[in-house]
Every structure is written in C-alpha cells, then in structure tokens.
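The values are calculated or read from the model by the stated rules, or taken from the named source; none is laboratory data. Quick caveat: nothing in here was measured; it's all calculated off a predicted structure. Please note: Cβ atoms are built from the backbone with ideal geometry, for glycine as well, and neighbour counts cover all protein chains shown.
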Amino acid sequence: MSLFNRTTNKTITEQKIEAPNKPKPIPIKHETITVKAPKMKSFWELESKMHAHLVEELKKKPVTDQKQEKLKIKQLGEDFLEQEGSRLTFEEKKQLIDTVQHELLAYGPITPLLENPNITEVMVNGPTDVFYEQEGKILRSVVSFRDDQHISNVIERIVAPIGRRVDESSPMVDARLPDGSRVNAIIPPLAIKGPTLTIRKFSAEAFTMDDLVNFNTLSKQMAEFLDMSVKSRLNIFISGGTGSGKTSTLNVLSSRIPDGERIVTIEDAAELKLTQEHIVSLESRPPNIEGKGQITIRDLVRNSLRMRPDRIIVGEIRDKEALDMLQAMNTGHDGSLSTGHANSPRDMIARIETMVMMAGFDLPIRAIREQISNAIDLIVQQSRMKDGTRKITQITEVLGMEGDTIVLQDVFKFIESGRMDDGKIIGEFVSTGIRPKATELFELNGYHASPQMFSEEW
C-alpha cells in the first residue's frame, strides 16, 4: 500500500442534475477510471518539511530564470529525499518533488489542471473536493489540498500580484491569471464550508471565427453575417447563461474590427485578447481596505467617452452602467459590443430595461425602450447545450418600436431535432428566410449579402 494514498478502481457514472419531472437524459456509457483517495497526513508532513528546506536553500543562491529554478528545485528535492525519504518509492518521490515545485512556482495542487489545455474550468469546493470541466462535463479530480489554509494561500498568491485582496472584511474577489483566465474566490464567513475557488480558463491562443465554425458553434453563413455586421459598425449585444461562451464570442467579434480604429475595452477583470494596433484596456477597481477608491464599470464607461473611442467594448453589463452604454451607442459610438446574462433575446431586452432603472433616474418605460431600440442593432443569443457544447442559438435583429413594444426579428436560429446514442445533440442552423434590415447598411459599407444567405434551406 502507498505511504501517501490509497488507489481504488471505481466505475463512475456521469449524471446530469435535472429538475424534478423533467425527462431523464440519454444515459452516457460508464467509464472505469482510477480514483485516488486524499493524500494522507504523512505526505503533507514530509511535503512541508521539504518545502521549508528548499525555501532556505533557494534563498542562499537565488535563481532568476524560472527554467533553471525548476531544475534546481528538482535537484535539491532529490538530495533531500535521499536523506529523508529512503522508504519512498520512485513514484512517491516524484510526486513529492512535483508537489513542491507547484507550490513554489505556480498555484499548488491545481497546477496540473490549469496546465491541461483540455480543461476549461477548475472548481475547488474544499481541500478534498476539487472538480474540473472537460468537454462540457464536470468531473471530480484526484488532486487535493492539505487544509483550508492551503487553499487560502493559493488564493492569496493569485490575487496579490494584481493588487486585489481577500480577507474577512472583503471575503469575495474577482481576479485573473497572467494568461487571462478568470478567477473568483470567496472565503468564510460567506463560504460556510471553507474557502472556495473557481477558475474559468481561456485558451492560450484567441479563437477565430473559423474556430467557432469548426466547433459547430455557428454556421458559415452566420459567421459571414456577423463579420459584415461588425465591419458595418452595428451595435451588438451577446446574451447567454453562465459558461455559455459569451466572452469567447465577444473576443472573436472584437477581432473582426478593422485596424485603424481606436478601441476602448472595459472589463471587471481584463480577459479580451485583441490584436489590433490601437487598443486602450481599462479595468475596474474594488474599494480599498478603508472602503474607498472603488472605480466601477459605470465610471469607466463615462470616462471612455472622453477618450475619443471609435468602438467601446464592455465585457459585461450587469448594473446601472447599462444606461451609460446605451447613451454611448446613441451618441455616435456605433459598432460597440457588450455581453449580458439572459435566456433569450427578449429576456435580454427586459433585463436591460431593469438595469437602466437601477441608475436611479425616474425615466418613463417608453423612453427607456426607445433608447434600447435605437441603440442595439443585433442580439446574439449563445447557449450551453445539454451535451456540453456551446452554440449560437439565435441571431436576432432589433427593428424598432411598435406601440410600446420593441420589435425583434430572428435572422438565424439553431433548431434541435434529437439526440444521438452518446447524448450528442442533433440539429442544424437555419435562416428564417427574412432578409434583415441590416443588409441595407452592409451595402452602404461595401459589403454584399447574397440572397442565398437568408434562404430557408441551404
């Protein structure tokens, strides 16, 4: 038996949690994998001793190059284990050295998960409750932390370099990793069971429109339509649920903005990866320890209007900044883009109305709706499907007002037609057969949308 953990073979059945009275999903094939129990106390005691020894040794002769430092840690670790770990097997020694390397150079036990390009999200619920998302499915990981304090140390290591803090007076924090991955941490007393960490990973290389087509997120016709919409300076809102891929789609659409335009991006945590030459990136700031110095998204949207922007891109609208964003779209800043949480284009309109009311002005509902209908040209609805795939399920045009109602018209839709034996969704992207009003603007900007693009059958 291993000195540090026990290994058992279990058959794990991946199940989706469904609300009561809903039909059960098509069963997914059972998969036999190896599950390790949490590391035992003896492992963490030796790891702590080895960690302290290596820190002292590295202080004597500091190394600035990370590659050389990694090699030095490995050599010092092997020397240490020759004296202290004579009973250990080769695999156990390697596991110890890897663990200490991850502690000294990266983000502790979750480092292998963050380095795996196939993993899109890492969720730490407790020392022995670590989960990850892969191919749209949530699975339990074999990695574990020593205790709650160990998780808190990793959280502190993530947020400190970007000037954020997390403590009892400020127990929630949003941050980012150097590669742009989004981080959320929440600690006691708000997190009852202990520190909780969620990391939404982003691809090392930004996706392109062709990538989204290859992922079957949208069709070629939809991609061509959105490309012309961005270049023709339509105001586009991307709506969807949590984890539906809104930010990735926003990044792709933003990348289609022609060079030569001044782009101002506004985000809670900087995630967009744009390649244009003329970009100004702004990031909000939480209050300091005295509760002062907070800079909100709304403050940045207001300030951006004085920065001579050609395009304003807001990572997510979730509050009273919606009013300022609509004002910007209505005052000459065409081609702006943003995202928001909603289940459908109609729901997105209703949410924007609510967020505008949060600004504190006593505006008539008709005035708010007129602002929305004049400001937004397209709503792109993105969804995370039941099989874990992400798809653009609707591209909807905002036509204007009819009475007191904002008129919406679907241009493209995803029609689901069934399920395969492995649970994969069967469906197709279709045009509604209606030629959108936006094509008039395409023609004025030198882009030709062929009638075949909007035929009901391709």
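Here is a check on your reading of the model: is Ala175 without any contact (Cβ under 8 Å) to a residue 12 or more places away in the chain, not assigned by TED's automatic domain parsing to the domain that holds Leu272 and not β-branched (Val, Ile, Thr)?
no
Can you pull out every residue in the stretch 105-164 that is touching a Ser or Thr at 6+ places or on another chain (Cβ under 7 Å) and among the aliphatic types (A, V, I, L, M)?
If the condition is that a residue be touching a Ser or Thr at 6+ places or on another chain (Cβ under 7 Å) and among the aliphatic types (A, V, I, L, M), then Leu113, Met123, Val124, Val130 are the ones that fit.
If you scan the stretch 300-328, which residues turn out to be among the charged types (D, E, K, R), in contact (Cβ under 8 Å) with a residue 40 or more places away in the chain and in a loop (DSSP other than H, G, I, E, B)?
Arg308, Asp310, Glu316, Lys320
Checking the structure you have, find out if any residue of the stretch 51-59 is modelled with pLDDT of 50 or more, surrounded by fewer than 14 Cβ atoms within 10 Å (Cβ to Cβ) and closer than 20 Å to Pro112 by Cα.
There is no residue in the stretch 51-59 that is modelled with pLDDT of 50 or more, surrounded by fewer than 14 Cβ atoms within 10 Å (Cβ to Cβ) and closer than 20 Å to Pro112 by Cα.
Tell me which residues, restricted to the stretch 160-185, are surrounded by fewer than 20 Cβ atoms within 10 Å (Cβ to Cβ), within 17 Å of the chain's Cα centre (by Cα) and not in a loop (DSSP other than H, G, I, E, B).
Passing the criteria: Asp174, Asn184.
Among the residues of the stretch 64-119 satisfying the criterion of being basic (Lys, Arg) and in a helix (DSSP H, G or I), which is surrounded by the fewest Cβ atoms within 10 Å (Cβ to Cβ)?
Lys67
Determine whether Ser219 is more than 17 Å from the chain's Cα centre (by Cα) and of a type in the set (Gly, Ala, Ser).
yes
Here's a check for you: in the stretch 364-421, which residue that is among the basic types (Lys, Arg) and more than 25 Å from the chain's Cα centre (by Cα) is nearest to Thr242 (Cα to Cα)? Break it down into steps so the answer makes sense when it comes.
Just the residues of the stretch 364-421 that are among the basic types (Lys, Arg), to begin with: 366, 369, 384, 386, 390-391, 413, 419.
Now narrow it down to the ones that are more than 25 Å from the chain's Cα centre (by Cα): 366, 369, 419.
Working: Arg366: 30, Arg369: 26, Arg419: 23 Å.
Selected residue: Arg419.
Which members of the stretch 216-236 meet the condition of being within 21 Å of Thr275 (Cα to Cα) and either among the basic types (Lys, Arg) or touching a Leu at 6+ places or on another chain (Cβ under 8 Å) (or both)?
Ala223, Leu226, Ser229, Val230, Lys231, Ser232, Arg233, Leu234, Asn235, Ile236
Every residue in the stretch 153-172 that is in contact with a strand residue (DSSP E or B) (Cβ under 8 Å, 6 or more places away or on another chain) and either assigned by TED's automatic domain parsing to the domain that holds Gly291 or modelled with pLDDT of 85 or more (or both), please.
Scanning the stretch 153-172 gives Val154, Ile155, Ile158, Val159, Val166, Pro171, Met172.
Is the stretch 375-383 home to any residue that is assigned by TED's automatic domain parsing to the domain that holds Ala223, among the acidic types (Asp, Glu) and crowded, with 21+ Cβ neighbours inside 10 Å?
Yes, because at least one residue in the stretch 375-383 is assigned by TED's automatic domain parsing to the domain that holds Ala223, among the acidic types (Asp, Glu) and crowded, with 21+ Cβ neighbours inside 10 Å.
Can you tell me which residues in the stretch 311-368 are over 29 Å from Asn445 (Cα atoms) and of a type in the set (D, E, K, R)?
Of everything in the stretch 311-368, those that are over 29 Å from Asn445 (Cα atoms) and of a type in the set (D, E, K, R) turn out to be Arg318, Asp319, Lys320, Glu321, Asp347, Arg351, Glu353, Asp362, Arg366.
With respect to Val122, is the statement that it is surrounded by 15 or more Cβ atoms within 10 Å (Cβ to Cβ), hydrophobic (A, V, I, L, M, F, W, C) and part of a strand (DSSP E or B) true?
For Val122, the condition - surrounded by 15 or more Cβ atoms within 10 Å (Cβ to Cβ), hydrophobic (A, V, I, L, M, F, W, C) and part of a strand (DSSP E or B) - is met.
Quick one: which of Asn374, Asn343 is in a loop (DSSP other than H, G, I, E, B) and polar (S, T, N, Q)?
It is Asn343.
Hey, Phe131 hits all of (1) in contact (Cβ under 8 Å) with a residue 12 or more places away in the chain; (2) part of a strand (DSSP E or B) but one; which does it fall short on?
(1)
Report, by residue number, each residue of the stretch 269-305 that is among the aliphatic types (A, V, I, L, M) and loosely packed, with under 14 Cβ neighbours inside 10 Å.
Taking the stretch 269-305 and keeping what is among the aliphatic types (A, V, I, L, M), we get 269-270, 272, 274, 279-280, 282, 289, 295, 297, 300-301, 305.
Scanning the stretch 269-305 gives Val280, Ile289.
Taking the condition of a type in the set (Ser, Thr, Tyr), over 26 Å from Gln452 (Cα atoms), touching a residue at least 60 places away in the same chain (Cβ under 8 Å) and part of a helix (DSSP H, G or I), does Thr198 pass?
Answer is no for this residue.
Name the residue, out of Gly400, Gly433, that is surrounded by fewer than 16 Cβ atoms within 10 Å (Cβ to Cβ) and closer than 20 Å to Ile236 by Cβ.
Numbers: Gly433 fails: closer than 20 Å to Ile236 by Cβ.
The unique qualifying residue is Gly400.
Given the structure, is Ser338 assigned to a strand (DSSP E or B), small (Gly, Ala, Ser), at pLDDT 90 or above and assigned by TED's automatic domain parsing to the domain that holds Gly243?
So Ser338 passes the test.
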